[in-house]
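Student: Here's a structure for you.
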Amino acid sequence: MPTNKPTARPTAKPPAKKPQVSASPERRRELLDTAAEVFAAQGYNATTVRKIADAAGMLAGSLYYHFDSKESMLDEILSAFLNELWQGYDTVLAAGLGPRETIEALVTESFREIDRHRAAVAIYQKESRHLSAQPRFHYLSDSQQKFEKAWLGTLERGVAAKAFRADLDIRLTYRFVRDTVWVAASWYRPGGQHSPEEIARQYLSMVLDGIAVRS
């Protein structure tokens, strides 16, 4: 016996979302490199998404398709630089080198990082102090403490082993070497006359052996 139940209607499907096309890793890297140059030249606070987009030759709205904010771009720039820096530093520190050789290797690795991430180094130098107060960038403070521990520990080990002078002020020496190396980001340009390794060798000669002729 037939029933009078209404025929069930098919459930309406929600409209399909348009697929989001992600930028290729190469294009994303290009955009971050452009952003890093703008941040380094103009400062984080003065840089807008529009300025980055103009430098990249695109509309600001198009840049938001890849990054949700300039903060996200800066975070990715700095974290990529520090992750690579610490891969190199940790390798040096785990190699069991003597204190002088460790200093030489750390300085050389630092100049290689300036060569690879010059703009990121410049940003780090200028902005890390106030950025580290923000929860998202607290890792900058953690990295600075780890950096200081590595350098001070190596210098102290060198004094104890009589590889370095006993009258050295360890903390002052650390600050001198640190600032002497990293300030190079303000003038260094990749592909210049000297390789990172050659610049490191010259710096190390001046830091470790001085510039005066010995009698």
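The values are calculated or read from the model by the stated rules, or taken from the named source; none is laboratory data. All figures in this text were calculated on a predicted structure; none of them were measured in a lab. Note that we place each Cβ from the backbone using ideal geometry, even for glycine, and neighbour counts take in every protein chain shown. Remember, those area values only see protein heavy atoms, side chains included, never the ligands or the DNA or RNA. Shrake-Rupley method; radii C 1.70, N 1.55, O 1.52, S 1.80 Å.
Student: Looking at Glu71, Glu84, Glu76, Glu148, which one is more than 16 Å from Leu32 (Cβ to Cβ), part of a helix (DSSP H, G or I) and touching a residue at least 24 places away in the same chain (Cβ under 8 Å)?
Tutor: Matching residue, one of Glu71, Glu84, Glu76, Glu148: Glu148.
Student: Tally up the residues in the stretch 39-50 that are touching a Lys or Arg at 6+ places or on another chain (Cβ under 9 Å) and either open to solvent by 60 Å² or more (accessible area, probe 1.4 Å) or farther than 23 Å from Ser24 by Cα (or both), please.
Tutor: 6
Student: Something else now. Find the residue count for the stretch 118-166, including only residues that are farther than 20 Å from Leu85 by Cβ and not aliphatic (A, V, I, L, M).
Tutor: Looking only at that region, the number is 9.
Student: When only residues in the stretch 104-127 that are under 17 Å from Tyr203 (Cβ atoms), open to solvent by 10 Å² or more (accessible area, probe 1.4 Å) and not polar (S, T, N, Q) count, which is farthest from the chain's Cα centre (by Cα)?
Tutor: Glu104
Student: Of the conditions (1) modelled with pLDDT of 90 or more; (2) open to solvent by 90 Å² or more (accessible area, probe 1.4 Å); (3) more than 30 Å from Ala184 (Cβ to Cβ); (4) of a type in the set (S, T, N, Q), Ser69 clears all except one; give me its number.
Tutor: That leaves (2) as the condition not met.
Student: Any idea which of Val121, Val181, Val107, Val177 is touching a Ser or Thr at 6+ places or on another chain (Cβ under 6 Å) and in contact (Cβ under 8 Å) with a residue 40 or more places away in the chain?
Tutor: Val181
Student: What number of residues within the stretch 151-167 satisfy the criterion of being assigned to a loop (DSSP other than H, G, I, E, B) and either of a type in the set (Asp, Glu) or more than 18 Å from Gly98 (Cα to Cα) (or both)?
Tutor: Total meeting the criteria: 1.
Every residue, every condition in (1) under 21 Å from Ser195 (Cα atoms); (2) modelled with pLDDT of 95 or more, yes or no:
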site: Leu93; (1), (2): no, yes
site: Gly98; (1), (2): no, yes
site: Glu104; (1), (2): yes, yes
site: Thr108; (1), (2): yes, yes
site: Lys126; (1), (2): no, no
site: Pro135; (1), (2): no, no
site: Leu155; (1), (2): no, yes
site: Ala160; (1), (2): no, yes
site: Ala166; (1), (2): no, no
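Student: Right, next: Can we say Gln202 is in contact (Cβ under 8 Å) with a residue 12 or more places away in the chain, surrounded by fewer than 17 Cβ atoms within 10 Å (Cβ to Cβ) and not β-branched (Val, Ile, Thr)?
Tutor: no
Student: Moving on. Here are some conditions: (1) under 15 Å from Tyr89 (Cβ atoms); (2) among the polar types (S, T, N, Q); (3) surrounded by fewer than 13 Cβ atoms within 10 Å (Cβ to Cβ). Ser143 meets all but one. Which one does it not meet?
Tutor: For Ser143, the failing item is (3).
Student: Take Gln193 and decide whether it is free of Cβ contacts under 8 Å to residues at least 12 places away in the same chain, assigned to a loop (DSSP other than H, G, I, E, B) and of a type in the set (S, T, N, Q).
Tutor: yes
Student: What single numbered condition from (1) free of Cβ contacts under 8 Å to residues at least 12 places away in the same chain; (2) under 21 Å from Asp33 (Cβ atoms); (3) not polar (S, T, N, Q) fails to hold for Leu131?
Tutor: It fails just one condition, (1).
Student: Looking at Ala120, Ala185, which one is within 25 Å of Leu74 (Cβ to Cβ), of a type in the set (A, V, I, L, M, F, W, C), at pLDDT below 90 and part of a helix (DSSP H, G or I)?
Tutor: Ala185 is the lone residue from the list that is within 25 Å of Leu74 (Cβ to Cβ), of a type in the set (A, V, I, L, M, F, W, C), at pLDDT below 90 and part of a helix (DSSP H, G or I).
Student: Quick one: how many residues across the stretch 158-196 are open to solvent by 80 Å² or more (accessible area, probe 1.4 Å) and touching a Lys or Arg at 6+ places or on another chain (Cβ under 8 Å)?
Tutor: Going through the stretch 158-196 one residue at a time, the tally reaches 1.
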